[in-house]
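Trainee: Let me give you the structure first, and then I'll get to my questions.
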Amino acid sequence: MSAEQIFSIRLEQNSHPLVAIDGRIKMLLLPFVLVVNLLAGGYRVSLLLSLTALGLTLLAGVPRRLLFRRMVVPTILAMVALLTQALWIHQGEVLLSLPLYLIDLTFHLDGVVRGVELALRIIAGMSVLLFFTLTTPLAEMLRGARFFWVPAILIELALLMYRYIFLLFEEGVRIRAAQRARLGFTDFRTSLRSVSTLGGMLILRSYDRAGQSYDAMRCRGYRGLLAEPPAHPLRRQDALFFCSAVLLLGLFSQLGS
Amino acid sequence: MRRVRVLSLLSLALFWASPAFAMHISEGILPLNWALFWGGVVLPFVAFGIWRIRQWRKTDPAIFPLIALFGAAVFVFSCFPIPVPIAGSTSHPAGTALTAILLGPSVSVVIALVALLLQALFLAHGGLTTLGGNLFSMGLLGSFCGMAAFWVGRKMGLRLFWSGFVAGMISDLATYFGTALQLALALHGDESIVAVFTRIYLAFMPTQIPLSLLEGVVIGGLLVYIERHRPDILLKLKVIRQERS
């Protein structure tokens with residue numbers, strides 16, 4: 001499994017209008033949508049947000065399998081959250097009582113309602129976040145982050161880390177394959193030793209590569225700050241997307257209240 | 001009766017599943033007031049970490065790619081599964097103790113911030129409104145507790161492996177302490193916060209105690225590997241002193 005399969009985002013090949021929307025617009029909207037999701041209460045707004053975000057992500061040409069694979073963990077977490085709320089809130093009428101060996105599991109109406117709300121909030125939040133990440137190229141995200149005064153050092157660090165995660169992951173997979181060929185990872189004890197060695201080798205190679213990278217960056221004119229891509233003006237479709245999103249959010253809030 | 005059994009099994013399965021994914025609190029779980037609170041708590045530490053990196057870069061310009069590469073290496077390392085015998089599954093090391101030992105806890109907080117952001121954005125682990133909460137438990141508690149444990153271990157004269165072992169273990173347990181605290185504060189419902197916190201923390205334990213021990217062994221082993229093959233790295237980063245190399 002390669003790092004690209006884990007991250008699985010090849011937005012440079014996607015020319016859908018939703019992918020082409022300016023990153024600054026999406027970054028401006030993202031916190032608002034997430035806050036609306038947290039503050040809305042009830043289940044309607046979260047449900048509408050989930051359906052809209054998932055629909056738009058699929059409309060943008062993101063493979064269905066990739067999207068649903070990404071939603072697996074949040075969905076499991078949502079189910080756990082639902083269950084905990086159903087068990088920890090003891091208001092309203094009793095819906096179900098399960099006598100287990102030592103304890104009684106009792107589900108109250110309010111607990112189930114709050115659990116469903118929380119579960120939908122989690123799914124809505126993750127759907128919105130996935131729409132953003134699966135339809136926004138990294139360069140756009142970084143440009144947007146710079147526009148919104150995120151410290152340059154943080155952006156530079158994120159960019160370098162992102163760049164090297166792919167390289168080091170490939171290296172890690174190669175090291176693990178070599179360790180397996182030499183009878184590493186055969187039993188529990190050997191696995192522990194193999195993982196430690198793998199981590200140690202990654203650190204050693206990173207150290208050497210950091211020196212080489214710094215020299216290469218200096219040769220290319222690096223003097224402490226990475227060059228930023230020039231900011232382009234907002235287009236009509238960006239403004240249209242922003243207005244539509246704000247209107248939709250207002251409509252959802254109204255429906256929710 | 002059959003329905004009861006199925007539901008009981010389902011509940012157990014869900015409770016069993018929770019520790020495996022709970023290291024990062026998912027988007028939407030924390031209410032806005034708690035999300036803002038945890039964000040406010042970590043902000044000064046992030047600011048201090050950024051300031052520290054800036055100062056470090058002034059004196060040693062080559063340190064910046066090194067920080068990024070170590071951050072990437074720990075991120076990648078944390079993607080490789082290690083077997084958890086009691087849970088019968090695999091898990092992955094958190095790695096914050098390692099960055100704290102190699103680069104210092106304040107720099108480790110910034111690396112954890114970037115790692116959590118990348119994980120939230122690209123792997124759907126964690127979230128943006130829960131970034132402050134996750135950074136508090138993993139970045140802040142994980143790094144500072146891990147580093148403190150390592151420092152105490154070295155002061156007590158423990159060997160590098162054992163100091164790394166204690167740091168990895170404490171860092172892992174502290175991370176889950178933070179996560180359990182945040183979940184209890186946000187989701188306790190009608191139950192008392194202490195009761196819910198205890199329940200969540202205890203629910204983590206069956207997988208977390210073996211995992212923290214494993215993380216300790218892996219970090220200890222990793223440090224010993226570096227010491228054997230390239231002690232100059234540990235000397236440069238002031239993890240060990242000259243006479244010990």
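Trainee: Tell me the relative contact order for segment B:116-245 as a rounded percent, counting alpha carbon contacts under 8 Å between residues six or more apart.
Mentor: Contact order relative to length: 23 percent.
Trainee: Could you tell me how far the Cα centroid of segment A:155-233 sits from the Cα centroid of segment A:36-50, in Å?
Mentor: Value for the Cα centre distance between the two parts: 40 Å.
Trainee: To make sure I understand, if each residue's beta carbon is the centre and we count other beta carbons within 10 Å, what order do A:Thr136, A:Thr190 fall in, fewest to most?
Mentor: Placing the least packed residue first, the sequence is A:Thr190, A:Thr136.
Trainee: Determine, at each q value in 0.17 (inverse angstroms), the log₁₀ of I(q)/I(0) that the Debye formula gives when each Cα of chain A is one equal point scatterer.
Mentor: -1.25
Trainee: Any lysines with Cα under 19 Å of the B:Lys238 Cα? List them, leaving off those in the same chain fewer than 8 positions away.
Mentor: Straight-line reach from B:Lys238, under 19 Å: B:Lys58, B:Lys155.
Trainee: Right, here's the next one. Where does each of A:Phe185, A:Phe252, B:Phe48, A:Phe68 land when they are ranked from fewest to most other beta-carbon atoms within 10 angstrom? Kindly include the intermediate steps, with their values, before the conclusion.
Mentor: Values: A:Phe185 18, A:Phe252 21, B:Phe48 15, A:Phe68 12.
With the sparsest Cβ surroundings first, the list reads A:Phe68, B:Phe48, A:Phe185, A:Phe252.
Trainee: Quick one: if you take sqrt(5λ) for each eigenvalue of the C-alpha gyration tensor of segment A:87-180, what semi-axes come out, biggest first, whole angstrom?
Mentor: Equivalent-ellipsoid dimensions as semi-axes: 45, 24, 11 Å.
Trainee: Let me ask something else. Please compute, for the alpha-carbon atoms of the protein assembly as shown, the extent along each of the three principal axes and give them in descending order in Å.
Mentor: Largest to smallest, the principal-axis extents are 70, 64, 43 Å.
Trainee: I would also like to ask the following. Hey, got the average number of other protein chain Cβ atoms within 10 angstrom for residues in A:119-129?
Mentor: Averaged over the peptide's residues, the number is 5.
Trainee: P(r) tail for segment B:116-203, what percent of Cα pairs lie past 22 Å? Present the calculation step by step, with values, prior to reporting the outcome.
Mentor: On the way: 1549 of 3828 pairs.
Above the 22 Å cut-off, segment B:116-203 has 40 percent of its Cα pairs.
Trainee: Still on this structure: With 10 angstrom as the radius, rank B:His24, A:His90 by how many other C-beta atoms surround their C-beta, starting from the fewest.
Mentor: A:His90, B:His24
Trainee: Here's another thing I want to ask about it. Average projected area of the Cα convex hull of segment A:1-142, in nm²?
Mentor: 10.9
Trainee: May I ask you to evaluate 6.51 cos²θ - 1.76 cosθ + 1.60, the Karplus curve with θ = phi - 60°, for each residue of segment B:56-62 and list the ³J(HN,Hα) values in order in whole Hz, giving x for glycine and proline?
Mentor: For segment B:56-62, the Karplus curve yields 4, 5, 5, 7, 9, x, 6 Hz.
Trainee: B:Leu158 versus B:Arg57, label points 7 Å from Cα toward the beta carbon: distance in nm?
Mentor: A separation of 3.4 nm, rounded to one decimal place.
Trainee: Something else: What Kirkwood hydrodynamic radius, in Å, does segment A:150-219 give when the mean of 1/r is taken over all pairs of distinct Cα atoms and then inverted?
Mentor: 13.8
Read-outs throughout are calculated quantities, based only on the coordinates presented, and are distinct from any laboratory measurement. Keep in mind that what you see is a predicted model, and the values were worked out from it rather than measured. Virtual Cβ from ideal backbone geometry, glycine too; neighbours counted across all protein chains shown.
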